[in-house]
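The values are calculated or read from the model by the stated rules, or taken from the named source; none is laboratory data. Keep in mind that what you see is a predicted model, and the values were worked out from it rather than measured. Backbone-built Cβ (ideal geometry, glycine too); neighbour counts: all protein chains shown. Quick note on the areas: whole protein, heavy atoms, side chains included, nothing else; ligands and nucleic acids left out. Shrake-Rupley method; radii C 1.70, N 1.55, O 1.52, S 1.80 Å.
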Amino acid sequence: DFMFSFGKDFDTGELTSALEIATLTSISLPYQLQLTLGKFKPVFGKVNTLHPHVFSFVDFPRMTANYFDTEGMYVEGVSLSWLVPNPYDFFQELTLEIGRIGSEPNASLVRGNNSQLSYVGHLKNFFDVTQNSTLELGLSGLNGPNRFGFSTSIGGIDLTYKWKPVQYNVLQSFSWQSEILFSNMRLSDANVVQSRGAYSLAEYQFAQRWFVGTRYDYSEYPDDATRRDVAGTALVRFQPTEFQVLALEYQYTDRNYDRSTNQIIFRIIFGIGTHAAHQY
């Protein structure tokens, strides 16, 4: 799998391109294992695994932008996932990933040298609540080098509830998704910053092509817990076809270190040709 992006830098006006994803993935390993090699988005929580065009809101939560980057984080390395066999009636998957942060560092982690690797782990627990609803609980952890020459450790919890009635599956749905992370970034031998971030979003589908959503964000910064962003977002999304998305988003952000802002964003997405199924 390969994914390239092309864009224009608004500051310099320069046209740029980047290789975002380049992976080889096994399809026939024994013992319910799957191996991925290359550059990929690690499985830390729910949002970081996504690309912006498949996320229901126009922008990623402030937590993602403040602790990683506007589009999350990338790793160049290896990912091994295991479908855990258990006697209970629920789905469980354990993922372990080792590598170096992608060519662009993020707010929490940097590439480091060849002996400094980043480690990511995630345990997914997926339950069928009723015939029409599911619940997913995830636990995440990561550790890696930071720009101060020390390391950053982050733990996270994600919880997702989805309701999609079988009888009206193309007409109605509801989803509620939340994440929280706790960060420990060492700045020096004597200074460790402990900070946190979180978001909670809800989205309701009231007609075949119409969705409305709302999101609350709270986020500090990995190297400064005294700075914080609090944001509220409202979304209306219309999908004329499976290959088109029109979304209008309003967001108010309150900052304790700078001016508060209001912004309205309109996004149009066009897809051409067949594409793989989206993750549930």
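What the table below lists for this structure:
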item: From LEU181, LEU159, LEU187, residue being under 15 Å from the mean Cα position of the chain (by Cα) and either among the hydroxyl-bearing types (Ser, Thr, Tyr) or open to solvent by 20 Å² or more (accessible area, probe 1.4 Å) (or both); result: LEU159
item: In region 162-178, the residues that are of a type outside the set (Gly, Ala, Ser) and within 19 Å of the chain's Cα centre (by Cα); result: LYS162, TRP176, GLN177
item: Evaluation of SER140 against (1) in a loop (DSSP other than H, G, I, E, B); (2) in contact with a strand residue (DSSP E or B) (Cβ under 6 Å, 6 or more places away or on another chain) (one fails), failing number; result: (1)
item: Qualifying residue in region 62-71 (condition: within 26 Å of GLY197 (Cβ to Cβ), of a type in the set (S, T, N, Q), in a loop (DSSP other than H, G, I, E, B) and open to solvent by 70 Å² or more (accessible area, probe 1.4 Å)); result: yes
item: Residue satisfying all of: in region 27-46; polar (S, T, N, Q) and open to solvent by 30 Å² or more (accessible area, probe 1.4 Å); nearest to ASP1 (Cα to Cα) among these; result: GLN34
item: Lone unmet requirement of (1) free of Cβ contacts under 8 Å to residues at least 40 places away in the same chain; (2) basic (Lys, Arg); (3) within 19 Å of GLN116 (Cα to Cα) for LYS164; result: (3)
item: Test result for GLU76, in a strand (DSSP E or B), surrounded by 16 or more Cβ atoms within 10 Å (Cβ to Cβ) and among the acidic types (Asp, Glu); result: yes
item: Neighbours by Cβ (under 9 Å, 6+ apart or cross-chain): first from region 42-53, outside any helix (DSSP H, G or I); second aromatic (Phe, Trp, Tyr); result: PRO42/TYR74; PHE44/PHE68; LEU50/PHE60
item: Residue match in region 247-260 (condition: open to solvent by less than 60 Å² (accessible area, probe 1.4 Å) and touching a helix residue (DSSP H, G or I) at 6+ places or on another chain (Cβ under 8 Å)); result: yes
item: Among (1) within 18 Å of the chain's Cα centre (by Cα); (2) in contact (Cβ under 8 Å) with a residue 24 or more places away in the chain - the single one LEU139 does not satisfy; result: (2)
item: From GLY213, GLY271, residue being at pLDDT 95 or above and out of contact with any His (no Cβ under 6 Å at 6 or more places or on another chain); result: GLY213
item: Some residue of region 12-26 being outside any strand (DSSP E or B) and either surrounded by 20 or more Cβ atoms within 10 Å (Cβ to Cβ) or among the hydrophobic types (A, V, I, L, M, F, W, C) (or both); result: no
item: Residue check, GLU93 among the acidic types (Asp, Glu) and closer than 16 Å to ASP158 by Cα; result: yes
item: Scan of region 226-246 for residues that are in contact (Cβ under 8 Å) with a residue 24 or more places away in the chain, open to solvent by 40 Å² or more (accessible area, probe 1.4 Å) and of a type in the set (A, V, I, L, M), ordered by number; result: VAL236
item: Sole residue being touching a residue at least 24 places away in the same chain (Cβ under 8 Å), assigned to a loop (DSSP other than H, G, I, E, B) and touching a Ser or Thr at 6+ places or on another chain (Cβ under 8 Å), chosen from PHE211, PHE148; result: PHE148
